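This report refers to the structure that appears directly beneath it.
The values are calculated or read from the model by the stated rules, or taken from the named source; none is laboratory data. Predicted model, so just to flag it, every value in this text is computed and none were measured. Reconstructed Cβ throughout: ideal geometry from the backbone, glycine too, with neighbour counts over all protein chains shown. Just the protein is used for accessible areas: all its heavy atoms, side chains included, with ligands, DNA and RNA removed. Shrake-Rupley method; radii C 1.70, N 1.55, O 1.52, S 1.80 Å.
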Amino acid sequence: MSPITVHDDEIVQEVTIKAPAARIFAALTRPDELLKWWAAEGKFQVVHAECNLQPGGKWLMRVAGGRKDELSSSTVYGEYRAIEPPHLLTYTWIREKEDYPETLVRWDLTEKDGYTTVRVTHSGLVSESLRARNDGWPLIVTLLEAYINKQQ
């Protein structure tokens with residue numbers, strides 16, 4: 001995994017996984033799969049996911065804190081902007097009950113010789129506090145990689 005890169009208004013994280021891009025794309029877009037891997041023991045876990053996978057379609061994830069109770073849950077949601085299976089997925093990212101602007105998440109998947117380079121770019125992070133609030137992408141790509149590797 002490459003180190004996290006922070007630019008003026010974006011965070012970029014990249015990892016190379018030994019798996020087809022189509023397999024990784026499915027893990028990013030299927031609610032039943034998101035429930036399995038978007039979780040870190042004692043920190044957070046996706047407890048509900050919805051994906052209307054079409055441009056303009058809505059997506060939503062309810063994430064519980066370490067206690068897995070409703071009191072510590074939060075919701076992130078948005079709208080799909082670009083969907084080009086299995087190479088590109090772009091969607092808006094909005095945190096419920098937070099006074100932050102809408103941001104954009106872009107997943108680029110480049111497959112070569114049985115390996116896929118996964119690059120996630122979270123842009124529109126216009127302040128230091130917004131960048132700090134969304135700095136968990138290294139953990140997310142690590143969780144994705146571990147999930148895909150376990151499936152093989």
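Odds and ends about this structure:
- Checked against (1) open to solvent by 70 Å² or more (accessible area, probe 1.4 Å); (2) closer than 21 Å to Leu130 by Cα; (3) in contact with a Leu (Cβ under 9 Å, 6 or more places away or on another chain), Trp93 passes all but condition (1).
- The stretch 84-102, residues that are at pLDDT below 95 and either under 23 Å from Cys51 (Cα atoms) or basic (Lys, Arg) (or both): Ile94, Arg95, Glu96, Lys97, Glu98, Tyr100, Pro101, Glu102
- Meets criteria (of a type in the set (Gly, Ala, Ser) and at pLDDT 95 or above) for Gly78: yes
- From the options Thr116, Thr110, residue that is more than 16 Å from Ile11 (Cβ to Cβ), among the polar types (S, T, N, Q), at pLDDT 95 or above and open to solvent by 40 Å² or more (accessible area, probe 1.4 Å): Thr110
- Pro101, sole failed condition from (1) more than 16 Å from the chain's Cα centre (by Cα); (2) within 25 Å of Asp9 (Cα to Cα); (3) surrounded by 16 or more Cβ atoms within 10 Å (Cβ to Cβ): (3)
- Here the strands (runs of 3 or more DSSP E) wholly within the stretch 40-152 that include at least 1 residues being among the polar types (S, T, N, Q) are 44-51, 74-84, 88-95, 103-112, 115-123.
- Screening Glu41 with (1) modelled with pLDDT under 95; (2) surrounded by 14 or more Cβ atoms within 10 Å (Cβ to Cβ); (3) more than 13 Å from the chain's Cα centre (by Cα); (4) of a type outside the set (Phe, Trp, Tyr) gives one miss only, at (2).
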